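The values are calculated or read from the model by the stated rules, or taken from the named source; none is laboratory data. For clarity, every value in this text was computed on a predicted model and none was experimentally measured. Ideal geometry is used to build each Cβ from the backbone, glycine not excepted, and the neighbour counts take in all protein chains shown. Areas reflect the complete protein model, heavy atoms only, side chains present, ligands, DNA and RNA absent. Shrake-Rupley method; radii C 1.70, N 1.55, O 1.52, S 1.80 Å.
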Amino acid sequence: MSRAHDLPDIPSRRLMLKSAALAAGALAGAPGTARAAAASTPDAEKTVPYSNPLIRQRADPHITRHTDGLYYFTATVPEYDRIILRRSRTLNGLATAAESVIWRAHTSGPMSAHIWAPELHRIGGKWYIYFASAPAEDVWAIRIWVLENANHDPLRGTWVERGQISTAWETFSLDATTFEHRGNRYLVWAQHEPGMDNNTALWISKMANPWTLTGPQVRLSTPEYDWECVGYKVNEGPYALRRNGRVFLTYSASATDWHYCMGLLTADAGSDLLDARSWSKSPVPVFTSNDTTHQYGPGHNCFTLAEDGRSDVLVYHARQYKEITGDPLHDPNRHTRIQRLGWKPDGTPDFGIPVADT
């Protein structure tokens, strides 16, 4: 869609040693089922292929597999006016699962327009939803907000508005995600820094509680490569995946048309995640539009686990056509898609290509 005192300058980044291999994995391949990037376990090929698109007209998808064995789904709706939830015992089942509206935009005030990119997280025995919104009278004054539900079932109970997440500046900010690592909870989000020549960069901070940041707010990535700056200079939609002794952080870049694509940051699991020098940035996109499979603008992803509880699944949105009339944000056809996430021998993710419709 599309900061703290004494912030450090952007350090010179260590490029990933195997960026050439990463590029090959991202930009090569052939159309096939939703297992185009093979999972690393033999059982993966015995599972039922995923149907794509999984859910039509649901952008910025987020799927979480809870300890109850159920999958919970939320996403941006084309009207940008509400937050929805679905659940199912299988990923394919989300396609036909009943959809509940758990929160609606206010009629006025700071939570009345551009309800974007909700994420559902279970933290400390409660459910939280992170999302972006803006005042109807100033729809680009977008900020990050939090809802809380103490019920064990997120489709029941009361969603309490915990308020806005306060960052270092009152500027355009969105796409918050959270993860726990080595006893600390982190928030990563996209925000415009005053004085910077970009739309959004990626930021990280520790959290004192699920709606409050504490300590330094550190810039991890800013648009610098050509593929991050088409139409708009954007880094947004971050999401973390911890595997193989590393923390991988995917993000999306450029305008939300067919140029939209995914980048990757990587840090050693034992490093200081609040030190920007701990993170290496791929100089090439890791997931891009594909003319062979006719999938365009793949991005704003998350990860979940397959039904076997072991295999990683890539969740993202994409369109089925390249040309868009008017503003891409007014085009409703960003559909939720899923496919197996593969792994290379060196322990880095193999995203493959966005698979063809099934």
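For this structure, a couple of remarks:
- Just the protein heavy atoms count here, and of the accessible area of the chain at 1.4 Å, carbon and sulfur take up 50 percent.
- Karplus-based coupling profile of the stretch 50-62, in residue order and whole Hz: 7, 8, 10, x, 6, 9, 7, 6, 10, 9, 6, x, 9, with θ = phi - 60° in 6.51 cos²θ - 1.76 cosθ + 1.60 and x standing for Gly or Pro.
- Compactness index (Cα Rg / 2.2 N^0.38 Å), the stretch 68-109: 1.33
- Per residue, the average separation of C-alpha pairs within less than 8 Å and at least 6 apart gives the stretch 89-241 a relative contact order of 15 percent.
- The spread of Cα positions in the chain, taken along each principal axis and listed from longest to shortest, comes to 48, 48, 46 Å.
- Distance between the stretch 113-149 and the stretch 209-275 - C-alpha centres, whole angstrom: 19
- Global geometry of the stretch 275-333, whether rounded, prolate or oblate, following the gyration tensor of its Cα atoms and the 1.5 cut on a/c: oblate
- Rounded to the nearest Hz, the phi-derived 3J(HN,Hα) couplings of the stretch 211-224 under the Karplus curve 6.51 cos²θ - 1.76 cosθ + 1.60 (θ = phi - 60°) are 10, 9, 8, 9, x, x, 10, 10, 7, 9, 7, 10, x, 9, where x marks glycine and proline.
- Extension reserve of the residue 139-residue 180 stretch, reckoned as 0.36 nm per residue once the Cα distance is removed: 11.6 nm
- Each residue of the stretch 81-213 gets 131 Å³ once the volume of the Cα convex hull is shared out per residue.
- As computed over the stretch 85-159, the Cα convex hull volume per residue (Å³): 103
- Surface listing: 266, 214 arranged by accessible area from highest to lowest gives 214, 266, probe 1.4 Å.
- Annotation note: GluC sites (Glu not before Pro) in the stretch 84-155 located in DSSP loop regions with a Cβ neighbour count of at most 12 within 10 Å are 137.
- Our compactness index for the stretch 139-220, the C-alpha radius of gyration over the empirical 2.2 N^0.38 Å, is 1.19.
- All-pairs alpha carbon distance profile, the stretch 300-358, 10 Å steps from 0, percent: 19, 43, 26, 11, 1
- With θ taken as phi - 60° and the Karplus curve 6.51 cos²θ - 1.76 cosθ + 1.60 applied, the whole-hertz 3J(HN,Hα) list for the stretch 100-112 is 10, 8, 9, 6, 10, 4, 5, 7, 7, x, x, 10, 10 Hz, x standing for glycine and proline.
- Using a probe of 1.4 angstrom and keeping all protein chains present, the accessible surface of the chain works out to 39 square angstrom per residue.
- Convex hull volume of the C-alpha atoms in the stretch 211-305, normalised per residue: 133 Å³.
- For the stretch 170-254, the alpha-carbon coordinates run over 38, 33, 16 Å along the three principal axes, in decreasing order.
- Mean projected area in nm² (Cα convex hull; one quarter of hull surface) for the stretch 253-358: 8.6
- Mean projected area in nm² (Cα convex hull; one quarter of hull surface) for the stretch 250-311: 6.2
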